[in-house]
Amino acid sequence: EPEVTQTPSHQVTQMGQEVILRCVPISNHLYFYWYRQILGQKVEFLVSFYNNEISEKSEIFDDQFSVERPDGSNFTLKIRSTKLEDSAMYFCAIRGGVPGNTIYFGEGSWLTVV
Amino acid sequence: QKEVEQNSGPLSVPEGAIASLNCTYSDRGSQSFFWYRQYSGKSPELIMFIYSNGDKEDGRFTAQLNKASQYVSLLIRDSQPSDSATYLCAVERGGGNKLTFGTGTQLKVEL
């Protein structure tokens, strides 16, 4: 199973501050995703990133969100001006090759906005 | 209509019994179907995936797909207390596309 490392594991930030969540896949992948899960709710798709550009984004992924892969290995999610409702677990995911070309999730970054 | 529907549970089964988890989906263009297990506070862990109608078995787990009825299920045989978790059903339209998740079914396996 492909491995994905996410940092930080937990971050507390003040409302209005910028947050950067990082994801480091262990091996090379083409497809990257960010999902989030608000406490007690379902896992929601935010954005997919293929061949170094956004391939799809959800309604949640508005102008305050951005993603990039600055150095070919790290994959980051930036939230420019955090709101209370951004408090959630954020999962980075990658699409693995074998078996089944399925999506594997990192351990998650728990973001608390106060 | 929700895109992916699951009974939230909790579904309680005694240890050693068969647990049956169900999921329906609305998008007829869905091609791939996944079951993830999620322990509280942890990330989703892939259990099974299925693409074709019928049954697919992997150890104690069997996934069943009926595209005509837009129905996916997961059977867990010889349920163990360690199987107690929330089981997430997810569907995908095609390769490279996003997963759409249901809200999950909480399973409790009792001693």
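The values are calculated or read from the model by the stated rules, or taken from the named source; none is laboratory data. For clarity, every value in this text was computed on a predicted model and none was experimentally measured. When we count neighbours, we look across all protein chains shown, and the Cβ atoms used for this are built from the backbone with ideal geometry, even at glycine. All accessible areas refer to the heavy atoms of the entire protein, side chains included, with ligands and DNA or RNA removed. Shrake-Rupley method; radii C 1.70, N 1.55, O 1.52, S 1.80 Å.
The relative contact order of region A:1-100 comes to 36 percent, based on Cα pairs under 8 Å that sit 6 or more residues apart. Across the protein assembly as shown, counting alpha-carbon atoms alone, Rg and Dmax equal 17.6, 51 Å. Between B and A, roughly 1600 Å² of accessible area is buried in total, ligands, DNA and RNA not counted and the probe set to 1.4 Å. The antiparallel fraction among DSSP beta bridges confined to the protein assembly as shown stands at about 90%.
Could you state the number of Å between the C-alpha centres of region A:34-74 and region B:41-80? A separation of 27 Å, based on Cα centres. Note: relative contact order over region A:69-114, using C-alpha pairs below 8 Å and six or more positions apart, is 38 percent. Net charge of the neighbourhood of residue A:35, taken over other residues with C-beta under 11 Å away and scored Lys/Arg +1, Asp/Glu -1, is +2.
Here each label is just a point 7 Å from Cα along the line to Cβ, and for residue B:18 and residue A:28 those points are 4.6 nm apart. Solvent-accessible surface of the protein assembly as shown, taken per residue with a 1.4 Å probe and all protein chains present: 48 Å². For the residue pairs B:67/B:98; B:2/B:42; B:2/B:108, the alpha carbons lie more than 22 Å apart in B:2/B:42; B:2/B:108.
With a Förster radius of 30 Å, plug the Cβ-Cβ distance of residue B:82 and residue A:12 into 1/(1 + (r/R0)^6) and report the FRET value to the nearest 0.05. About 0.40, to the nearest 0.05. What FRET efficiency do you get for residue B:66 and residue B:11 if R0 is 25 Å and r is their Cβ-Cβ distance, rounded to the nearest 0.05? Efficiency, from the Cβ-Cβ distance: 0.80. Summing charges over all other residues whose Cβ lies under 15 Å from the Cβ of residue A:85, with Lys and Arg as +1 and Asp and Glu as -1, gives -1. When the other protein chains are added to the chain by itself, burial of at least 40 square angstrom of heavy-atom accessible area (probe 1.4 Å, ligands and nucleic acids ignored) affects these residues of region B:62-111: B:96, B:98, B:99, B:101. Surface composition of chain B: carbon and sulfur atoms hold 44% of the protein heavy-atom accessible area at a 1.4 Å probe. Contact-buried residues of region A:39-77, at a threshold of 40 Å² lost accessible area versus the chain by itself: A:42, A:43, A:56 (1.4 Å probe; DNA, RNA and ligands ignored). Per residue, the average separation of C-alpha pairs within less than 8 Å and at least 6 apart gives chain B a relative contact order of 38 percent. Split the accessible area of chain A by element, probe 1.4 Å, and carbon with sulfur accounts for 47%.
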